[in-house]
Structure formats: C-alpha cells, structure tokens
Amino acid sequence: MKTELIVGDHQTKIQLSERILTMLEEAGAEAARLIVAGDMAHHEAPLASLECVEVALVDDETSSRVHAQFMGIEGETDVITFEHGEIVIGVEVARRQAVEYGEPEQRELLRYLVHGLLHLAGHEDEKDEDRKVMEEAQERLVGELWKTIEP
C-alpha cells in the first residue's frame, strides 16, 4: 500500500515556498515507502496501514500548545507524532536547529518528517539504546533522500 503524504503550512512566521512543501511531500512519501519496504517498521505499527499521513508545519506558539496539551510538556518542540497519522513539525525550531547544526533548513525539516514517520513505524526514542537505533535509521534515510532532492 502506498501512503499519501500531505504537508500543510499552518504558520506565518517563516515563509515556505510551494517547492519546499512539494519536496517534503514527495520525499516524505518516499521515506514512508522505504521504511515499510525496508523492514524498518515494527510489527503492528500504524505506518504500514495508513492511507494518508498529514503533516502540519506550525509556529512555536502552536507547537508549545500541542506539546503541553498532548504530551504534558511545556515549551515548543521539533516534532510530535500521533498514531492516527498526523505529524506536527515546529518550523521555528527547525530554523534554530539548522543554524545551530550548520544544516540547510529544508534538510532539518526533512529530518523531522522522517523522525515522525519512524515513530509511526513503531520506533521510540525515550531510552538511549532505542534512540540510537532510531537516529541511525533516520540519518541514513535523510542522507539517502537528500541526495535526490538537494535544492
């Protein structure tokens, strides 16, 4: 089953071009395909059965509100994933992290999208060992996808 990925820009703090949104949709759909086909999805994880994943790009205020409401944690965050197939990405966080890590903003957004998809594939990052496995898969996918879409 091919998972459709829809990216919506729900913020006005950082201008994102249609090209960036399209790149995220296409790369995200390919990442979902690679995760499921490459046996990176855990048994019974929702990603393989989702027909659509919706990605909401939000500002710090919205990220902070969602983080507090659904995770019980104050402050903005990079990505929040819901098992029903929604991923919320903080674009202001992505901008700050991109500057800190010396990365293009689009690559940081792609990293957060892949991170969310891996959560939908059953990966966790609470424990150090799990986080290491997830980050290795994440960085491998981001590197592979970035080669084909680098702006």
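Count, please, the residues in the stretch 1-50 that happen to be touching a residue at least 40 places away in the same chain (Cβ under 8 Å) and in a loop (DSSP other than H, G, I, E, B).
Taking the stretch 1-50 as the starting set, the residues that turn out to be touching a residue at least 40 places away in the same chain (Cβ under 8 Å) are 1, 3-14, 16, 19-20, 23-24, 26-28, 30-32, 34-36, 40-50.
Within this subset, residues satisfying the condition of being in a loop (DSSP other than H, G, I, E, B) are 1, 3, 10-14, 16, 40-45, 50.
Qualifying residue count for the region: 15.
Return yes when V93 is surrounded by fewer than 20 Cβ atoms within 10 Å (Cβ to Cβ) and farther than 20 Å from R19 by Cβ and no when it is not. Walk me through how you get there before you give the answer.
Details: surrounded by fewer than 20 Cβ atoms within 10 Å (Cβ to Cβ): no; farther than 20 Å from R19 by Cβ: yes.
It is false that V93 is surrounded by fewer than 20 Cβ atoms within 10 Å (Cβ to Cβ) and farther than 20 Å from R19 by Cβ.
Among the residues of the stretch 67-85, is any of a type in the set (S, T, N, Q), part of a loop (DSSP other than H, G, I, E, B) and free of Cβ contacts under 8 Å to residues at least 12 places away in the same chain?
Taking the stretch 67-85 first, the residues of a type in the set (S, T, N, Q) are 69, 77, 81.
After this cut, where a residue has to be part of a loop (DSSP other than H, G, I, E, B) as well, the list is 77.
In the following step, the residues that additionally are free of Cβ contacts under 8 Å to residues at least 12 places away in the same chain were identified as none.
No - not one qualifying residue is present in the stretch 67-85.
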(request) Test each condition in (1) more than 15 Å from the chain's Cα centre (by Cα); (2) buried (at least 17 other Cβ atoms within 10 Å of the Cβ); (3) farther than 21 Å from W146 by Cα for V58 and report the one that comes out false. (result) (1)
(request) Take the residues in the stretch 1-22 that are closer than 18 Å to E86 by Cα and crowded, with 18+ Cβ neighbours inside 10 Å, then tell me which one is farthest from the chain's Cα centre (by Cα). (result) Q11
(message) Quick check on my filter: what residues within the stretch 107-136 are surrounded by fewer than 22 Cβ atoms within 10 Å (Cβ to Cβ), part of a helix (DSSP H, G or I) and of a type outside the set (A, V, I, L, M)?
(response) R107, H119, D128, E129, D130, R131, K132, E135, E136
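Values in this text are rule-based calculations from the coordinates and carry no lab data. Here the structure is a predicted model, which means the values were calculated and not measured. With ideal geometry, Cβ positions are generated from the backbone for all residues, glycine too; neighbour counts draw on all protein chains shown.
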